[in-house]
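> Quick one: the structure is below, and I'll ask about it shortly.
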Amino acid sequence: MSEEELEGLRKRRMLELQQRMSEEQQRGQAQQQLAGQKQALLRRILTPEARRRLTNLNIVKPEFTQQLELQLIQLAQQGKIATPITDEQLKELLVRLQSGKRDYTIRRV
């Protein structure tokens, strides 16, 4: 390969890397913006105590909490739940969601 071909390959590779970095930055900014919007909606939907409980739950069960947050936002936007949701109401909702799951224990005889 000649020096010119190598230089051309280097330039193309550098452009590709710059484009990838730019796309990743845009994705990161979009994710941050969505997270901010979600938190703003949750501030309107939940009381401070209920938000605190949801934050604590997020530490233990992040996937469950994310699904619950999205469901709460959807229900509030559709007008199917009264807002703001208090801590007591959130507790009742969590109990109802957890009651559908059963714990199985195996005892050896």
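> As an exercise: evaluate I45 against (1) touching a residue at least 12 places away in the same chain (Cβ under 8 Å); (2) surrounded by fewer than 11 Cβ atoms within 10 Å (Cβ to Cβ) and give the number of the one condition it does not meet.
(2)
> Next up: So which residues in segment 85-109 are modelled with pLDDT of 90 or more and either part of a loop (DSSP other than H, G, I, E, B) or of a type in the set (D, E, K, R) (or both)?
Result: T86, D87, E88, K91, E92.
> Which numbered condition trips up E16, out of (1) at pLDDT below 95; (2) part of a helix (DSSP H, G or I)?
Looking at each condition in turn, E16 falls short on (1).
> Just to be sure before I move on: is I59 loosely packed, with under 10 Cβ neighbours inside 10 Å and assigned to a helix (DSSP H, G or I) in the structure I sent?
yes
The values are calculated or read from the model by the stated rules, or taken from the named source; none is laboratory data. Fair warning: this is a prediction, and the values are worked out from it, not measured in the lab. Every residue, glycine among them, receives a Cβ derived from its backbone with ideal geometry; neighbour counts consider all protein chains shown.
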